[in-house]
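Notes to accompany the following structure.
The values are calculated or read from the model by the stated rules, or taken from the named source; none is laboratory data. Keep in mind that what you see is a predicted model, and the values were worked out from it rather than measured. Positions of Cβ are backbone-derived with ideal geometry, glycine not excepted, and every protein chain shown enters the neighbour counts. These area figures cover heavy atoms from the full protein model, side chains too; ligands, DNA and RNA do not enter into them. Shrake-Rupley method; radii C 1.70, N 1.55, O 1.52, S 1.80 Å.
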Amino acid sequence: MGIALTVLALLLGIAGIYLVSLAVAPRPVAVGPFLSGARPAEHALSRFHVRWYAITLVFLAFDMEMVFMYPWALVVAEVGPVAVIEMFAFLALLLVGVLYAWREGALRWV
Amino acid sequence: MGLSAWLLRYAAGRPRVLVVCGAYGTPYRLRVEAELRRRGWLEARSPAEASLLAVCGRPGAELAAAIEVVWADMAVPRARV
């Protein structure tokens with residue numbers, strides 16, 4: 001009985017505080033980003049075509065592949081054909097990734 | 001101690017001006033820009049940092065609507081010329 005009364009009093013208190021804040025809180029100001037007097041015509045996430053996001057991620061993945069190729073390019077001349085074979089094996093594995101992205105439509109532009 | 005008031009007066013004496021040019025407004029815009037250079041005031045790049053809105057010439061219907069949006073985006077204290 002005492003617990004129920006305590007819980008009820010707590011809930012009423014919280015509801016009362018919410019009502020007071022609804023009455024007293026200032027209204028949000030209707031400003032927006034500066035578009036030379038226009039308001040945004042689309043959702044903020046729709047502002048750029050999704051192709052940019054997909055290409056960004058694909059670029060990042062293959063940029064990490066390029067990170068491995070830069071030092072390889074410096075030493076491949078003195079290491080010889082073994083290094084060439086190994087790097088082409090690495091590139092063949094990454095080519096599988098390229099084919100996957102291609103089939104999934106990540107490289108589609110329109 | 002009057003520091004806030006002093007800072008407000010200092011800022012109010014050097015407002016950033018947002019210049020809008022409508023039809024036949026080029027001579028007025030040039031005079032406004034010369035006056036800004038003479039006083040050492042800067043141009044605002046957006047309504048959020050502007051304190052003064054200077055409308056040169058005669059804005060058409062579309063430009064007038066855009067000016068109202070920009071005026072609403074400007075924070076007080078602000079003035080319109």
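Key figures for this structure:
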{"quantity": "Residues of chain B: accessible area per residue with a 1.4 Å probe, Å²", "calculated": "69"}
{"quantity": "Loop-located chymotrypsin sites (Phe, Trp or Tyr not before Pro) in the range A:31-110, at most 13 other Cβ atoms within 10 Å (DSSP)", "calculated": "A:Phe48, A:Trp109"}
{"quantity": "Rg and Dmax of the range A:1-46, Cα atoms only, in Å", "calculated": "20.7, 63"}
{"quantity": "Exposure of A:Thr6 as accessible area (Å², to 10), given a probe of 1.4 Å and all protein chains", "calculated": "80"}
{"quantity": "Length added when fully stretched, A:Val58-A:Glu86, from 0.36 nm per residue minus Cα-Cα", "calculated": "7.8 nm"}
{"quantity": "Delta accessible area of at least 40 Å² on complex formation, residues of the range B:32-81, 1.4 Å probe, chain isolated as reference", "calculated": "B:Val69, B:Asp73"}
{"quantity": "For A:Ser36, solvent-accessible area (1.4 Å; no DNA, RNA or ligand), Å²", "calculated": "90"}
{"quantity": "Surface accessible to a 1.4 Å probe, per residue, for the residues of the range A:13-109, Å²", "calculated": "84"}
{"quantity": "Residue-averaged [θ]222 nm for the protein assembly as shown, counting only DSSP H segments that reach four residues, each worth -39500 (n - 2.57)", "calculated": "-20500 deg cm²/dmol"}
{"quantity": "Coarse-grained scattering of the range B:15-80 at q = 0.12 Å⁻¹, given as base-10 log I(q)/I(0) from a Debye sum over alpha-carbon atoms", "calculated": "-0.28"}
{"quantity": "Accessible surface of the range A:1-46, 1.4 Å probe, proportion on carbon and sulfur as whole %", "calculated": "78"}
{"quantity": "GNM flexibility winner over chain A from A:Leu11, A:Leu57, A:Leu99 (Cα, springs under 10 Å)", "calculated": "A:Leu11"}
{"quantity": "Mean Cα-pair separation over length for chain B, i.e. relative contact order, pairs under 8 Å, 6 or more apart, %", "calculated": "36"}
{"quantity": "For the range A:47-110, alpha-carbon Rg over 2.2 N^0.38 Å", "calculated": "1.40"}
{"quantity": "Burial of 30 Å² or greater, the range A:30-65 residues [accessible area, probe 1.4 Å, versus chain by itself]", "calculated": "A:Val31, A:Phe34, A:Gly37, A:Arg39"}
{"quantity": "Cα extents of chain A along the three principal axes, largest first (Å)", "calculated": "83, 52, 29"}
{"quantity": "Gaussian network model of chain A, springs between alpha carbon atoms under 10 Å - residue of A:Ala25, A:Ala77, A:Ala89 with greatest fluctuation", "calculated": "A:Ala25"}
{"quantity": "Nearest-ten-degree value, helix A:81-104 long axis tilted from longest Cα axis of chain A", "calculated": "40"}
{"quantity": "Buried area at the A-B interface (accessible, heavy atoms, 1.4 Å probe, summed, Å²)", "calculated": "600"}
{"quantity": "With every protein chain in place, chain B: carbon and sulfur % of accessible area (1.4 Å)", "calculated": "60"}
{"quantity": "The protein assembly as shown: C-alpha gyration tensor shape, a/c 1.5 cut-off, then a/b vs b/c", "calculated": "oblate"}
